[in-house]
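Have a look at the structure below before the remarks.
Derivation of every value follows stated rules applied to the coordinates shown; laboratory data play no part. Being a predicted model, the structure only gives us computed values, none of them experimental. Note that each Cβ is placed from the backbone with ideal geometry, even for glycine, and that neighbours are counted across all protein chains shown.
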Amino acid sequence: MKKSLVIVAASLFTCFTANQVFAQTQDTTKKTTTTTTSTTATAPTADVATILAGNPDYSSANAAVKSAGLETALKATGPFTIFAPNNVAFSKLPAGKLDSLLKDPAKLGPLLKGHVVAGHYTKAEIIKALTAGKGKAALTTIDGQTLTLSVSPNKTLQLTNATGQSAEVVLYDMVGTNGVVNGINGVL
């Protein structure tokens, strides 16, 4: 029995020593270059209204927010998540519709409020909500409407309002100090 233990111990010692010697004698003349990219998350410095105003692809939404008098509300504490139609979405409206809405804040305000929910919903948080809801999630807008989130047949996030109008999220996570702006491709 002692002889067996000595043989096992000697074998282990030999294997260990051989591995150490082999590791030290490998060719180290090959050079490997590794590039490491680190990103540091910076704290947001602007509110959601300012973020919306700073993105040229959302200038129509920004003009609508200002015209409806919602800019001050969107600078408040929040948190808010704005599902903002991009300029292409506004261009799909019937001719003259946007101009008509911009001149009528009483109609424009409720339309825009249907794109803003109370709460902070980044892409990761939306995925959690969809997972918890088994593929669907309902969010309440700041004026009490319901937006239903689901995955579209194109495997994108789709928003549907109470009247059945839908749009897909095309840009995620423009994070501000008081919420998030996510871009959509339609006006609800």
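Distances between every pair of Cα atoms in region 48-184, grouped in 5 Å steps from 0 to the bin holding the largest one, split as 2, 11, 21, 25, 22, 12, 5, 1, 0 percent. Taking amide H as placed 1.01 Å from N in the peptide plane, Asp47 has its amide H under 5 Å from the amide H of Thr177, each at least 5 places away in sequence or on another chain. Remark: spin-label model distance Ala106-Lys136 equals 3.6 nm, labels positioned 7 Å along the Cα→Cβ axis.
Using 25 Å as the Cα-Cα cut-off, could you pick out the over-long pairs in Lys128/Lys155; Lys66/Lys92; Lys103/Lys155?
In this structure, Lys103/Lys155 lie more than 25 Å apart at Cα.
Considering only DSSP states other than H, G, I, E and B, which trypsin sites (Lys or Arg not before Pro) in region 106-136 qualify as loop sites with at most 16 other Cβ atoms within 10 Å? Listed in order of number, the matching sites are Lys134. By a straight-distance test (C-alpha under 16 Å), which aspartates and glutamates pair with Lys113 as possible cross-link partners, with residues fewer than eight away in the same chain excluded? Lys113 reaches Glu71, Asp104, Asp143.
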